[in-house]
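Asker: Here it is: the structure, laid out below.
The values are calculated or read from the model by the stated rules, or taken from the named source; none is laboratory data. Given the structure is predicted, the values throughout are model-derived calculations rather than measurements. Neighbour counts run over all protein chains shown; Cβ positions are idealised from the backbone, glycine included. What goes into the accessible areas is simple: the full protein's heavy atoms, side chains included, and nothing from ligands, DNA or RNA. Shrake-Rupley method; radii C 1.70, N 1.55, O 1.52, S 1.80 Å.
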Amino acid sequence: MSGRRLVVVSNRVPLPTERGPRAGGLAVALADALRPGALWFGWSGRRAARPAATPAETRGEDGVAYATIDLSESEYRLYYSGFSNNVLWPLLHFRLGLVHYRAEEYHAWRAVNDRFAAALAPLLRPDDLIWVHDYHLIPLGEALRARGVGQRIGFFLHTPFPPPEVLRALPRAEQVLAALAAYDLVGFHTEEFRRSFLRAATDILGLAETDGAVGLGGRQARAVAVPIGIDAAGFAAAAAAAATGSELRRLRASLAGRALAIGVDRLDYSKGLPQRLDGFARLLARHPEHRRRVSFLQVAARSREDVAEYRALREALDRIVGGIIGQYSEFDWVPLRYMIRPLRRETLAGFYRAAAMAVVTPLRDGMNLVAKEYVAAQDPADPGVLILSRFAGAAAELGAALLVNPYDPDEIAEAMHAALTMRHAERQARHRELAAAVFSATAERFCGQFLAALAAGG
Ligand code: GDG
């Protein structure tokens with residue numbers, strides 16, 4: 001890829017000027033690839049009555065050019081909250097009961113992708129490598145091709161990819177799959193998701209697979225498994241630096257020697273929060289020796305509140321949290337601390353390091369970066385224990401964690417008990433294996449592998 005300009009396209013572009021406390025995610029994952037001269041294109045995050053057709057362009061101090069367009073109110077409702085987050089998100093997380101399909105939203109999803117393509121195409125140069133991210137933009141490659149864009153275009157899906165038996169429930173599944181097959185390269189976090197895609201392309205579209213690629217309309221789309229990673233060294237340094245900060249002092253003082261258990265998630269139904277809190281309540285019921293000795297801090301930053309399911313989850317969690325606090329609190333001890341306000345990234349890193357265990361139990365997750373961040377943040381001399389869902393993509397790499405079925409609160413409770421009573425030598429042995437994975441499959445390697453695969457054959 002040397003010498004070729006990288007063009008990143010994502011639904012939401014985090015402009016350098018507005019990166020708040022949650023800055024992270026894609027901006028961190030792509031930091032290494034976004035060299036000066038690169039272009040990042042997508043939605044500004046703003047809604048406008050009459051969005052301009054041409055993108056607004058700015059250059060960041062990082063030398064990256066940012067080009068963004070606004071969405072209209074109805075595009076936001078139909079394309080973003082509707083088809084992307086109320087149809088594709090639950091479908092891709094195997095939650096068919098939560099899929100609310102409306103043809104109007106599907107068409108708006110395609111139309112916004114066409115508008116993105118129309119705004120992006122004039123900015124492209126002949127030698128660009130184009131890297132499109134996530135389910136909002138599945139049809140973008142096809143829309144760019146329709147405008148004569150012949151450059152190599154890759155797509156990376158950050159969510160799981162369900163098997164064809166699940167995917168078939170989506171009206172328009174054929175069109176969605178065909179849109180994926182229009183890319184030169186389609187990337188997934190795990191081998192399981194890659195296989196599911198290839199199986200869907202052969203079973204549903206009837207395409208022939210050769211060596212991990214499917215052919216459609218004279219083109220070959222190659223499917224690869226490339227796990228996303230974090231800047232492990234940077235995160236470890238932030239965690240170590242935070243250990244002496246004032247927030248850590250306040251946290252430690254409030255714990256008064258008790259063990260800290262931590263959970264950090266977007267407030268999303270894929271994250272298994274009710275089951276996790278239920279698991280914690282069962283720990284206190286089945287192993288009363290831990291009462292007064294452990295505090296669980298759940299950070300659940302609010303998310304997608306325009307979608308009814310997210311509001312319902314928030315209300316359900318308020319009830320569950322209140323139930324646990326009411327049942328188990330004593331006048332000088334509260335078992336559970338629950339916040340929907342986000343923490344600063346540095347603070348979070350320090351809190352991970354202070355926690356004796358992290359409980360990461362999504363019902364399904366493409367990868368789950370919290371699991372990797374927790375591992376990177378540990379003090380190798382006295383590491384905490386990671387409890388991880390078998391259904392997170394991260395479980396494929398982090399087999400040395402305590403793996404649990406996130407639907408089983410009893411199993412979660414027993415894993416918490418095991419974590420709180422684990423001997424030092426076992427904690428260290430498990431941590432060594434986990435750290436080896438997290439420090440080798442980094443964000444830098446993720447970008448390098450994906451872009452090398454995209455450039456190859458071009
Ligand atoms: C999608 C896929 C995949 C959370 N609360 C706070 C905060 N966070 C940060 C975490 C982490 C990120 O947000 C969440 O990343 P995850 O990977 O856990 O989950 P999704 O947001 O669902 O991401 C997922 C990912 O894309 C990448 O491909 O792994 O499977 O669903 O970095 O630390 N950060 C701060 N304060 C908070 O309160 N600063």
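Asker: Name the GluC sites (Glu not before Pro) in region 31-91 that are in a loop by DSSP and that have at most 15 other C-beta atoms within 10 Å, would you?
Answerer: Of the GluC sites (Glu not before Pro), the ones in loops of region 31-91 whose Cβ has at most 15 other Cβ atoms within 10 Å are 61.
Asker: Please work out the C-alpha center-to-center distance from region 296-365 to region 391-409 and express it in whole Å.
Answerer: Cα centroid of region 296-365 versus Cα centroid of region 391-409: 19 Å apart.
Asker: Among DSSP bridges having both ends in region 199-334, what percentage is antiparallel? Round to the nearest 5.
Answerer: For region 199-334, the DSSP antiparallel bridge percentage is about 45.
Asker: Can you tell me how much longer the chain between residue 428 and residue 59 gets when fully stretched, taken as 0.36 nm per residue apart minus their C-alpha distance, in nm with one decimal?
Answerer: Extending this stretch completely gives an extra 128.3 nm.
Asker: Determine the relative contact order of region 232-440: mean sequence separation of Cα pairs under 8 Å and six or more apart, normalised by residue count, in whole percent.
Answerer: Once normalised by length, the contact order is 27 percent.
Asker: Taking the Cα centre of region 232-440 as the origin and placing charges on Cβ (Lys, Arg +1; Asp, Glu -1), which of 413, 295, 240 is farthest toward the positive end of the dipole?
Answerer: So the residue we want is 240.
Asker: Towards the positive end of the charge dipole of region 232-440, with charges on Cβ (+1 Lys, Arg; -1 Asp, Glu), say which of 254, 425, 436 has the farthest Cα.
Answerer: 254
Asker: Residue farthest toward the positive end of the dipole of the chain, with Cβ of Lys/Arg at +1 and Asp/Glu at -1: which of 366, 275, 177?
Answerer: It is 275, whose Cα lies furthest towards the positive end.
Asker: Now for a different question. Considering only DSSP beta bridges whose two residues both sit in region 232-440, what percent are antiparallel, to the nearest 5?
Answerer: Beta bridges within region 232-440, antiparallel portion: roughly 5 percent.
Asker: Give me the distance between the Cα centres of region 106-136 and region 191-262, rounded to whole Å.
Answerer: 24
Asker: On alpha-carbon atoms, Rg over Rh for the chain using Kirkwood Rh?
Answerer: For the chain, the value is 0.97.
Asker: How big is the accessible area of residue 134 in square angstrom, nearest 10, if you roll a 1.4 angstrom probe over the protein chains?
Answerer: 30
Asker: Further question on the same structure: Treating only the Cβ atoms of Lys and Arg (+1) and Asp and Glu (-1) as charged, compute the dipole magnitude of region 232-440 about its Cα centre; round to the nearest 20 debye.
Answerer: Using Cβ point charges on Lys, Arg, Asp and Glu, region 232-440 gives about 460 debye.
Asker: Treating the beta-carbon of each Lys and Arg as +1 and of each Asp and Glu as -1, no other charges, what is the dipole magnitude of the chain about its Cα centre, to the nearest 20 debye?
Answerer: The calculation lands at about 620 debye.
Asker: For residue 117, what charge total do you get from the other residues with a beta carbon under 13 Å from its beta carbon, if Lys and Arg give +1 and Asp and Glu give -1?
Answerer: That sum, taken over residues with Cβ under 13 Å, equals +2.
Asker: Can you pull the percent of the chain's accessible area that's carbon plus sulfur, 1.4 Å probe, other chains left in place?
Answerer: Whole-percent figure for carbon plus sulfur exposure: 51.
Asker: Listed highest first by mean packing, meaning other Cβ atoms within 10 Å per residue, what order do 46-53, 142-149 come in?
Answerer: Those peptides, ordered most packed to least, come out 142-149, 46-53.
Asker: Another question about this same structure. Would you mind putting 239-252, 383-396 in packing order, based on average other-beta-carbon counts within 10 Å, highest first?
Answerer: By packing density, highest mean first, the sequence is 383-396, 239-252.
Asker: List the equivalent ellipsoid semi-axes of region 232-440 in whole Å, largest first, each obtained as the square root of 5λ for an eigenvalue λ of the Cα gyration tensor.
Answerer: 23, 20, 18
Asker: Here is a follow-up. If you restrict to DSSP beta bridges whose two residues both lie in the chain, what percentage is antiparallel, to the nearest 5?
Answerer: The answer is about 20 percent antiparallel.
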